[in-house]
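Here the structure is laid out as structure tokens; the discussion comes afterwards.
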Amino acid sequence: MVLLTIAVGSNGIIYSGEQSAMLDIGNNFAGTLMGIINALGNTMGFLAPMVTGLIINHHNNVIRWKHLFWIATAVYTFGNTIFVIFGTSVEQKWNRVQNRVA
């Protein structure tokens, strides 16, 4: 229970960086960015149960669950590594909307 509490609590650290990065790179399109990122992120809401079903597959034992948690760890680590290497909070050029006078 303690480890689960630590894991869920540390998940908040991820969101503080992700949420502020959207505002930093494109505050004029923050709502659109939030929608796109949430849509991509929520795909795990239906992929995770499918993958869990494939891995467990009526063999509910500790070894299968270990595999499942290692996969989850790998996905989180991969995503975090990509963000740390390529992520930026620099405002993007497309954020500036040019007003055209007709």
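The values are calculated or read from the model by the stated rules, or taken from the named source; none is laboratory data. None of these values were measured; they are calculated from a predicted model. Cβ sites come from the backbone with ideal geometry, for glycine too, and all protein chains shown count toward neighbours. For accessibility, only protein heavy atoms count, side chains too; no ligands or nucleic acids. Shrake-Rupley method; radii C 1.70, N 1.55, O 1.52, S 1.80 Å.
Under 6 Å by Cβ, and 6 or more places apart or on different chains, what pairs join a residue from the stretch 70-96 that is in a loop (DSSP other than H, G, I, E, B) with one that is of a type outside the set (A, V, I, L, M)? What qualifies is 89/24; 92/26. Could you tell me how many of the residues in the stretch 19-28 are within 10 Å of residue 89 (Cα to Cα) and in a helix (DSSP H, G or I)? Matching residues across the stretch 19-28 total 6.
Among all positions in the stretch 87-100, there is no residue which is modelled with pLDDT of 90 or more and open to solvent by 70 Å² or more (accessible area, probe 1.4 Å). Scan the stretch 63-82 residue by residue and report those that are over 16 Å from residue 4 (Cβ atoms) and open to solvent by less than 100 Å² (accessible area, probe 1.4 Å). Within the stretch 63-82, 64, 71, 74, 75, 77, 79, 80, 81, 82 qualify.
Taking the numbered list (1) at pLDDT 85 or above; (2) surrounded by 10 or more Cβ atoms within 10 Å (Cβ to Cβ); (3) hydrophobic (A, V, I, L, M, F, W, C) in turn, residue 21 passes all entries but (1).
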